[in-house]
Amino acid sequence: MNGDDPIVAQPSRRDARRAEEAARGRRAAAPVPPVAPVAKATAAASAAPAFARVTTASRGTRRAGPMRVLATVLVVPAIVGTVALPAYAFAPGNEGFGGATAFRDAVTGAQELDVSALASNAPLSSDAYTVTTKAEIDRLAEEAEAASWASNINRGGAYYTPAQQAPGDDYPWWNETPDDYGGGLSPLRYYFRECVDFVAWRLNRDAGVTSAPWKWDWANLASGSAWAWADEWVRHGWATSNTPIVGSVAWFPYNHVAYVQSVNSDGTVTIEEYNQNSDHSYHVRTIPAGSALFLYPPA
């Protein structure tokens with residue numbers, strides 16, 4: 001040592017150890033402040049290259065404001081929906097999703113209409129267009145069908161014409177077209193092959209008349225409705241009875257007349273007739289005497 005240096009007192013080893021322990025206690029007791037994210041980001045940015053720091057800073061300046069968020073929520077689903085929309089939804093003639101028919105059916109089914117009672121009195125025409133009722137349509141259809149039917153069957157050899165005259169049938173117009181198929185009136189002025197025309201022929205035959213001029217026809221015998229014949233007999237003053245005789249007219253209240261061929265011993269009556277079952281044909285059958293009223297031949 002030089003004589004000019006001051007003398008410095010050195011701390012003892014024990015004092016140095018105490019000072020070090022006290023310093024450690026202070027450091028342990030003091031709280032460590034958290035590192036802020038900004039500080040970390042700043043530190044990271046400071047360590048990054050210059051061009052990276054510039055890019056990061058420029059991106060950081062764009063902040064997602066409320067209006068930008070709202071626009072994103074509205075625009076993005078619209079874009080997705082437009083892209084996903086089926087092409088057929090806008091095809092010509094198609095009225096939206098599911099087809100127009102299903103939509104109209106659904107709407108129609110959900111409606112409840114309250115129609116006024118005055119609607120029944122509404123006129124059946126509008127703007128010069130006449131509304132045809134169902135009854136008129138049915139009538140026109142029946143007329144057209146009847147005309148077509150008559151034009152097809154009203155010719156020789158058709159099924160309604162008998163192949164030959166039946167045994168015992170002397171009616172001269174047995175193969176004429178009946179009224180049901182467009183036929184007309186016989187010379188006796190009843191429709192061909194009806195029950196009344198056949199009986200009128202038999203009454204003329206029994207009177208000895210088989211051609212014009214006829215003794216009996218529609219004008220002086222009875223009407224074209226067999227149901228009225230009983231009243232016509234009474235009006236003329238001709239006899240009627242429950243007792244049958246040959247040559248009399250068997251009258252039935254269900255609008256039918258026949259000619260009495262024979263009266264049998266067993267109480268039955270054999271009759272000849274036309275169109276008894278609406279087939280415009282000749283038939284012979286036997287009936288109980290009490291099943292008809294008998295109109296005696298006119299004088």
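Taken as a whole, the structure places TRP251 among residues that are open to solvent by 20 Å² or more (accessible area, probe 1.4 Å), under 16 Å from GLN276 (Cα atoms) and either out of contact with any Cys (no Cβ under 7 Å at 6 or more places or on another chain) or in a helix (DSSP H, G or I) (or both).
Considering (1) farther than 15 Å from PHE192 by Cα; (2) without any contact (Cβ under 8 Å) to a residue 12 or more places away in the chain, say which one VAL249 fails and leave the rest. For VAL249, the exception is condition (2). Here is a check on your reading of the model: is TRP214 modelled with pLDDT of 95 or more, closer than 23 Å to PRO172 by Cα and in contact with a helix residue (DSSP H, G or I) (Cβ under 7 Å, 6 or more places away or on another chain)? Yes, satisfied.
Here are ALA239, ALA222, ALA292: which of them is of a type in the set (A, V, I, L, M), surrounded by fewer than 18 Cβ atoms within 10 Å (Cβ to Cβ) and out of contact with any Pro (no Cβ under 7 Å at 6 or more places or on another chain)? Lay out the reasoning, then the answer.
Details: ALA222 fails: surrounded by fewer than 18 Cβ atoms within 10 Å (Cβ to Cβ); ALA292 fails: surrounded by fewer than 18 Cβ atoms within 10 Å (Cβ to Cβ).
Going through ALA239, ALA222, ALA292 in turn, the sole match is ALA239.
What are the residues in the stretch 175-195 that are closer than 11 Å to HIS280 by Cα, open to solvent by 50 Å² or more (accessible area, probe 1.4 Å) and in a loop (DSSP other than H, G, I, E, B), if any? If the condition is that a residue be closer than 11 Å to HIS280 by Cα, open to solvent by 50 Å² or more (accessible area, probe 1.4 Å) and in a loop (DSSP other than H, G, I, E, B), then ASN175, GLU176 are the ones that fit.
Go through the stretch 196-206 and give me each residue that's open to solvent by less than 50 Å² (accessible area, probe 1.4 Å) and in contact (Cβ under 8 Å) with a residue 40 or more places away in the chain.
Filtering the stretch 196-206 down to residues open to solvent by less than 50 Å² (accessible area, probe 1.4 Å) leaves 196-204.
The answer is VAL196, ASP197, PHE198, VAL199, ARG202, LEU203.
Filtering ALA219, ALA228 for residues that are at pLDDT 95 or above and in a loop (DSSP other than H, G, I, E, B) leaves a single hit, ALA219. When the test is whether a residue is over 24 Å from ILE287 (Cα atoms) and surrounded by 17 or more Cβ atoms within 10 Å (Cβ to Cβ), THR210 does not pass it.
Cβ separations smaller than 9 Å between residues 6+ apart or across chains give the following pairs from the stretch 174-191 residues that are in contact (Cβ under 8 Å) with a residue 24 or more places away in the chain to residues that are assigned to a loop (DSSP other than H, G, I, E, B) and of a type in the set (Ser, Thr, Tyr): TRP174/SER281; PRO178/TYR160; ASP180/TYR160; ASP180/SER278; TYR181/TYR160; GLY183/THR177; PRO187/SER211.
The values are calculated or read from the model by the stated rules, or taken from the named source; none is laboratory data. Model, not experiment: these values are computed from the prediction. Counting neighbours? That spans all protein chains shown, and the Cβs are built from the backbone with ideal geometry, glycine included. For the accessible areas, the whole protein counts, side chains as well, though only heavy atoms, and no ligand, DNA or RNA atoms are used. Shrake-Rupley method; radii C 1.70, N 1.55, O 1.52, S 1.80 Å.
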